[in-house]
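The values are calculated or read from the model by the stated rules, or taken from the named source; none is laboratory data. Computed from a predicted model, the values in this text were never measured in an experiment. FYI the Cβ positions are ideal-geometry reconstructions off the backbone, even for glycines, and counts take in every protein chain you see.
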Amino acid sequence: MSNYPNMSYCMYQNTKLALQQIIGDLEEVHEEGVTYFEYVDDLSSEERAAMKELENIFEGIQDILKEMRRSKAND
């Protein structure tokens, strides 16, 4: 795990703060009336790619958590 940006004991805390920063930015531009497409068009190509990867990561997190909950329920 040495190539990860967070130490394992604080990865959820650090990631939570980073995600709160993203949510704050999205809420701010949404309140200003910026559309999804306008927002994405204003990002660099690297940030656009990272945003898409992040959406996929969110889906993966939700999937594995649901699977873990189902596994616990079946035991």
Exercise. Before we move on, is GLU53 surrounded by 10 or more Cβ atoms within 10 Å (Cβ to Cβ), in the same structural domain as ASP25 (by TED's automatic domain parsing) and not β-branched (Val, Ile, Thr)?
Worked result: no
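So that you can scan it fast, the table gives a plain yes or no per residue for (1) touching a residue at least 12 places away in the same chain (Cβ under 8 Å); (2) in a helix (DSSP H, G or I); (3) more than 10 Å from the chain's Cα centre (by Cα):
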{"residue": "LYS16", "(1), (2), (3)": "no, yes, no"}
{"residue": "LEU19", "(1), (2), (3)": "no, yes, no"}
{"residue": "ASP25", "(1), (2), (3)": "no, yes, yes"}
{"residue": "LEU43", "(1), (2), (3)": "no, no, yes"}
{"residue": "LYS52", "(1), (2), (3)": "no, yes, no"}
{"residue": "ASN56", "(1), (2), (3)": "no, yes, no"}
{"residue": "MET68", "(1), (2), (3)": "no, yes, yes"}
Scan region 1-8 and tell me whether some residue there is in contact with a helix residue (DSSP H, G or I) (Cβ under 6 Å, 6 or more places away or on another chain), of a type outside the set (Phe, Trp, Tyr) and assigned to a helix (DSSP H, G or I). no
